[in-house]
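Novice: My structure is below; once you've seen it, I'll send some questions.
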Amino acid sequence: MSDRSDQEIIERRLMDATRKLHQLAPLVGAARQVIEFASDMRKNALAKQQRRYIERGEGAANSEELARSDPLYLQDIQAIELRVTEAYRVRAEWDATMCSFEAGRSLLAMTRETLRTLDG
């Protein structure tokens with residue numbers, strides 16, 4: 001049986017979820033940008049290393065192969081991978097918080113309706 005204290009608890013949870021969503025908003029924006037441009041970042045990292053080999057006189061295919069095995073390229077790729085992983089973590093946290101928010105809204109509506117029925 002629902003009472004007013006249930007409603008207050010749900011309202012507090014809903015406010016907490018709202019606060020968390022507001023805190024996450026700028027992080028989600030940055031995360032979306034990282035995810036969207038991850039492919040370009042990988043291409044740029046390869047081009048940066050490949051250029052050295054092309055300037056040395058290597059052909060396009062061979063310079064790409066050398067660049068992909070270059071420790072500096074591998075280091076750049078690892079850094080990009082960490083950024084993308086963090087971006088997906090932020091996005092998953094946003095999704096989970098949004099689920100909590102939506103569940104809170106539903107529970108609050110149901111609790112209010114139950115209380116209205118009991119009062120009426």
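Each reported figure results from applying straightforward, stated rules to the coordinates on display, with no laboratory input. Owing to the predicted nature of the structure, the values given are computational and were not obtained by experimental measurement. Cβ coordinates were reconstructed from backbone atoms using ideal geometry, including for glycine residues, and neighbour counts include every protein chain displayed.
Novice: Relative to the first principal axis of the alpha-carbon coordinates of the chain, what is the inclination of helix 4-55, with its axis defined by its Cα atoms, in degrees from 0 to 90 and to the nearest 10?
Specialist: 10
Novice: Considering only 80, 54, 35, give the residue with the highest GNM mean-square fluctuation for the chain, with springs between Cα atoms whenever their separation is below 10 Å.
Specialist: 54
Novice: How many nm separate the modelled label positions at residue 92 and residue 72, each set 7 Å beyond the Cα in the direction of the Cβ?
Specialist: Output for this residue pair reads 3.4 nm.
Novice: Sticking with this one: Mind checking the dipole of the chain: about its Cα centre, +1 per Lys or Arg Cβ, -1 per Asp or Glu Cβ, Debye to the nearest 20?
Specialist: Around 240 debye, computed over the chain.
Novice: Let me ask you something else. Once the Cβ-Cβ distance between residue 82 and residue 15 is put in as r, and R0 is 25 Å, what FRET efficiency do you end up with, to the nearest 0.05?
Specialist: Computed FRET efficiency for residue 82 and residue 15 comes out at 0.15.
Novice: Moving on to the next point. Of the listed values [x] 1.85; [y] 1.23; [z] 0.97, grab the one calculated as Cα Rg over 2.2 N^0.38 Å from the structure here.
Specialist: Evaluating Cα Rg over 2.2 N^0.38 Å on these atoms matches [x].
Novice: A further question follows. Going toward the positive end of the dipole of the stretch 4-119, with +1 on Lys and Arg Cβ and -1 on Asp and Glu Cβ, which of 90, 27, 60 do you reach last?
Specialist: Value: 27.
Novice: Would you mind calculating the gained length between residue 109 and residue 4 on full extension (0.36 nm times residue separation, minus the Cα-Cα distance), in nm to one decimal?
Specialist: Taking 0.36 nm per residue and subtracting the Cα distance, the gain is 36.5 nm.
Novice: Give me the one-decimal nm value for the distance between modelled label points at residue 48 and residue 33, 7 Å along each residue's Cα-to-Cβ direction.
Specialist: Calculated label separation equals 1.7 nm.
Novice: So which GluC sites (Glu not before Pro) in the stretch 52-91 pass both tests, a DSSP loop state and at most 16 other Cβ atoms within 10 Å of the Cβ?
Specialist: Those satisfying the criteria are 58.
Novice: Let me ask you something else. Treating the angle as unsigned and between 0 and 90°, give the value, to the nearest 10°, between the Cα long axis of helix 71-119 and the longest Cα principal axis of the chain.
Specialist: 10
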